[in-house]
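What follows is a short report on a single structure.
Read-outs throughout are calculated quantities, based only on the coordinates presented, and are distinct from any laboratory measurement. Only a predicted model underlies this, so the values are computations on that prediction, with no experimental measurement involved. Here the Cβ positions follow ideal geometry from the backbone for every residue, glycine too, while neighbour counts run over all protein chains shown.
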Amino acid sequence: MREQQLSGLRTRITGGTDGKGGGPGPVVIFLHGFGAPGDDLVSLADVLNVPTGTRFIFPEGPLSLSFGPSDARAWWIIDMARIQADRAAGRVRDMSMEIPEGLDLARERLLAFLKELSRHMPMDYKKTVIGGFSQGAMLTCDVALHTDYPFAGLVQLSGNLLAQPVWGPLMTKRKGLPVFQSHGIQDDILPYVGAERLRDALKKSGLPVDWHSFRGGHEIHESVLRALGVFLKTVLVKP
């Protein structure tokens, strides 16, 4: 693995022909969730069954949080007190109409990152999958809808429908984009129903969704890793 600053984001790069992102192989870009360290998802590169030569890119969120571990990062700030209050009261939080403050800036940062990434390594966006976990999933969904990069696929691990007034009209422009989506039935951070709303909105707009629910919480279940490997091999080897 190697580290590199790309568009101001600390980025970990692994896989490829040399274990450091070398070669012309397919690319998988994964974004971590809120409050996680920048290397939170790096281990996925070692456990996913992907085509030979696949390169993995893990950009780190630009924001350092003032609470939690010293290496906790975020893409935008969220109201943790509200989430905790909703959990304590047993309320199911509907985020579908919310446009988080900071989402626009996070999108701009990631779009700049994608532009710079292609200048630093050979890549074909038709052989590139983008996705993430939790907040990282929602940001990559937002970015995929706001750009015309011909991604091979979009991965949504424990995400939710956000910004429906903005996302809704953009989804039809992504008709045909394969989506892998998973969510734990007992997730008490981002509600299961919010994931179902995202799934249904994507499918209604013509995006094929490979949907995987599991009995568990806000996590990446072992069964999801197996299914995700199958998805990645399918979309990354298409001619």
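Among the numbered conditions (1) in a loop (DSSP other than H, G, I, E, B); (2) closer than 18 Å to ILE78 by Cβ, tell me where CYS141 comes up short.
With respect to (1) in a loop (DSSP other than H, G, I, E, B); (2) closer than 18 Å to ILE78 by Cβ, CYS141 is out only on (1).
Please determine, by comparing only the residues of the stretch 146-181 that are under 19 Å from TYR192 (Cα atoms), within 13 Å of the chain's Cα centre (by Cα) and not aliphatic (A, V, I, L, M), which one is surrounded by the most Cβ atoms within 10 Å (Cβ to Cβ).
Within the stretch 146-181, the match that is surrounded by the most Cβ atoms within 10 Å (Cβ to Cβ) is SER158.
Confirm whether GLY38 is touching a strand residue (DSSP E or B) at 6+ places or on another chain (Cβ under 8 Å), in contact (Cβ under 8 Å) with a residue 12 or more places away in the chain, farther than 25 Å from LEU190 by Cα and in a loop (DSSP other than H, G, I, E, B). I'd like the intermediate steps shown before the answer.
On the way: touching a strand residue (DSSP E or B) at 6+ places or on another chain (Cβ under 8 Å): yes; in contact (Cβ under 8 Å) with a residue 12 or more places away in the chain: yes; farther than 25 Å from LEU190 by Cα: no; in a loop (DSSP other than H, G, I, E, B): yes.
Spelling it out, it is not the case that GLY38 is touching a strand residue (DSSP E or B) at 6+ places or on another chain (Cβ under 8 Å), in contact (Cβ under 8 Å) with a residue 12 or more places away in the chain, farther than 25 Å from LEU190 by Cα and in a loop (DSSP other than H, G, I, E, B).
Please specify each residue of the stretch 186-212 satisfying the condition of being touching a strand residue (DSSP E or B) at 6+ places or on another chain (Cβ under 6 Å) and in contact (Cβ under 8 Å) with a residue 24 or more places away in the chain.
Narrowing the stretch 186-212 to residues touching a strand residue (DSSP E or B) at 6+ places or on another chain (Cβ under 6 Å): 192, 195, 199, 202-203, 207, 209-212.
If the condition is that a residue be touching a strand residue (DSSP E or B) at 6+ places or on another chain (Cβ under 6 Å) and in contact (Cβ under 8 Å) with a residue 24 or more places away in the chain, then ALA195, LEU202, LEU207, VAL209, ASP210, TRP211, HIS212 are the ones that fit.
Quick one: what pairs do we get from the stretch 1-27, first residue more than 19 Å from LYS127 (Cα to Cα), second among the aromatic types (Phe, Trp, Tyr) and outside any strand (DSSP E or B), C-beta under 8 Å, 6+ apart or different chains?
As it stands, the answer is LEU6/PHE113; SER7/PHE113; LEU9/PHE113; THR11/PHE113, since those pairs meet every condition given.
I'm checking my understanding of the structure. Among residues of the stretch 4-27 that are of a type in the set (Val, Ile, Thr) and in contact with a Gly (Cβ under 8 Å, 6 or more places away or on another chain), which one is surrounded by the most Cβ atoms within 10 Å (Cβ to Cβ)?
So the first thing to find is which residues in the stretch 4-27 are of a type in the set (Val, Ile, Thr), and the list is 11, 13-14, 17, 27.
Checking the rest, the ones that are also in contact with a Gly (Cβ under 8 Å, 6 or more places away or on another chain) come to 13-14, 17.
Working: ILE13: 25, THR14: 20, THR17: 13.
My answer is ILE13.
Restricting to the stretch 13-35, name every residue that is under 21 Å from GLY159 (Cβ atoms), outside any loop (DSSP other than H, G, I, E, B) and of a type outside the set (Phe, Trp, Tyr). Before the answer, list the steps.
First pass over the stretch 13-35, keeping only residues under 21 Å from GLY159 (Cβ atoms): 27-35.
Keeping just the survivors that are outside any loop (DSSP other than H, G, I, E, B) gives 27-31.
Hits for the stretch 13-35 are VAL27, VAL28, ILE29, LEU31.
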